[in-house]
1. Hey, can you tell me all the residues within the range 179-213 that are buried (at least 19 other Cβ atoms within 10 Å of the Cβ) and of a type in the set (Ser, Thr, Tyr)?
2. State the number of residues belonging to the range 142-190 that are closer than 25 Å to residue 73 by Cα and of a type in the set (Gly, Ala, Ser).
3. Do we have residue 176 as in the same structural domain as residue 53 (by TED's automatic domain parsing), closer than 21 Å to residue 87 by Cβ and surrounded by fewer than 16 Cβ atoms within 10 Å (Cβ to Cβ) here?
4. Tell me, which residue of the range 351-400 that is farther than 19 Å from residue 331 by Cα and hydroxyl-bearing (Ser, Thr, Tyr) is farthest from the chain's Cα centre (by Cα)?
5. Any idea which of 235, 200 is modelled with pLDDT of 95 or more and outside the structural domain of residue 80 (by TED's automatic domain parsing)?
6. Residue 154 fails exactly one of the following numbered conditions: (1) assigned to a helix (DSSP H, G or I); (2) in contact with a strand residue (DSSP E or B) (Cβ under 7 Å, 6 or more places away or on another chain); (3) under 30 Å from residue 215 (Cα atoms). What is the number of that condition?
7. Which one of these is more than 24 Å from residue 366 (Cα to Cα) and touching a Lys or Arg at 6+ places or on another chain (Cβ under 8 Å): 320, 297?
Amino acid sequence: MPTIALFSASHCGGEELARGVATALGLPLLEGTLLDEAASLAGAPPKRYLRSLLGAPSFLNNLTHDREKSLAYLQLALAKRLQHDDFVFQGLGLHLIPPQLTHVLRVCLLADLDYRLQHLVASGLEAKEAQRRLSYDDEELARHIDLIHQRSPWDAELYDLRLPLHTTTPDEAIRLICEAALKEALKPTRASLAAALDFLLASEVKVELARHGHHDCDVEVQEGEVVLKINRNVLRLSALARELTDVAVKVPGVAKVRTEVGPRYNAPDILRNLEVPEQHKVLLVDDERDFVLTLSERLEMRNLASDVVYSGEEALAYLEERRPEVMVLDLRMPGMDGLEVLQRLRTTHPEVRVIILTGHGSEQDQQKAMELGAFAYLQKPVAIDQLVTVLQQASVAKPH
């Protein structure tokens with residue numbers, strides 16, 4: 001028996017049909033269970049998790065990527081479930097399942113606007129408000145599916161079966177779904193069960209990447225090899241590829257990782273016909289990942305190559321193998337803070353010029369940093385041209 005995955009337009013009876021199919025086939029119905037499991041994996045209260053997954057996107061989502069993180073945890077919860085018994089579920093998870101899992105029946109339930117309006121008006125809602133709500137629901141569904149597939153939610157290629165409920169009775173719809181579920185082509189095979197295991201590993205990697213701030217990356221597992229498809233436009237693709245690989249290889253079960261550009265990647269014009277040699281004369285040290293990666297890219301556009309690490313400990317480990325001329329160092333970081341790094345550099349690597357760049361420092365911190373040999377002390381946010389000027393001055397200055 002296959003797993004039955006239903007995706008429904010709002011207010012056309014999808015929940016009732018899911019219950020009817022589960023009863024007819026004798027399969028468990030996952031109603032709120034899957035979302036609760038995803039919230040638990042994310043370490044978030046269910047209500048907060050649902051808001052980040054299904055609520056209107058905040059303007060802060062471009063910084064926090066809460067929706068992308070929530071989708072990653074939903075995918076992991078679904079992948080874990082698919083390792084066990086067959087079941088029926090209805091919701092967004094259908095679009096996260098790769099096509100290689102051929103023992104999953106994908107069903108789309110849809111209806112025309114008049115049919116859905118009648119359902120809402122019958123529940124006591126005024127026609128104008130009902131139309132507004134349906135429009136909002138459809139926009140939300142389109143946003144979610146675009147995030148996963150960049151396609152319309154109603155694209156026939158996404159489903160095995162599409163049922164228009166304005167012309168199909170509920171009993172007939174249940175019968176058609178049950179008949180499809182019993183077809184030979186949907187029986188689990190060795191290949192489809194192996195694909196389910198690959199899906200679980202890919203989902204675990206996806207979550208780990210999301211936890212490290214990487215959201216523009218598709219993850220696939222092909223013959224035991226994890227393939228990371230980069231969809232983020234960056235100037236230093238090789239540096240991002242190394243960082244993604246470093247995260248992925250630490251996931252249990254990952255033996256080999258390969259990176260490639262994904263379908264939504266476009267190389268920046270400045271680099272399409274030019275390979276910039278990596279000199280790594282500047283090391284950026286900051287635990288705010290999005291900030292420091294953006295800073296690295298902006299420096300690259302001004303022909304200043306840089307490497308990035310995210311903690312004081314990583315900075316010292318980096319210096320065991322490479323010798324940057326200048327280090328741009330944050331003060332407030334978990335573990336070893338910037339002042340401790342600076343103090344150690346004074347005795348172990350006095351030739352490295354250090355620029356403090358912080359958003360949380362005090363006058364006492366500035367005085368201490370300069371006493372420990374910092375070349376300059378700058379406050380965030382800093383104008384990129386000002387930072388470039390100080391970097392150039394530091395690169396030609398004599399070491400302390």
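1. 203
2. 2
3. Spelling it out, residue 176 is indeed in the same structural domain as residue 53 (by TED's automatic domain parsing), closer than 21 Å to residue 87 by Cβ and surrounded by fewer than 16 Cβ atoms within 10 Å (Cβ to Cβ).
4. Per the stated criteria, the residue is 395.
5. Values: 235 fails: modelled with pLDDT of 95 or more.
Exactly one residue qualifies, and that residue is 200.
6. (1)
7. Every option except 297 fails the conditions.
One line per residue, one yes/no per condition, for (1) modelled with pLDDT of 90 or more; (2) assigned by TED's automatic domain parsing to the domain that holds residue 199; (3) among the aromatic types (Phe, Trp, Tyr); (4) part of a helix (DSSP H, G or I):
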residue	(1), (2), (3), (4)
24	yes, no, no, yes
35	yes, no, no, yes
40	yes, no, no, yes
51	no, no, no, yes
84	no, no, no, no
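The values are calculated or read from the model by the stated rules, or taken from the named source; none is laboratory data. Please read these numbers as outputs of a predicted model, since none were measured by experiment. With ideal geometry, Cβ positions are generated from the backbone for all residues, glycine too; neighbour counts draw on all protein chains shown.
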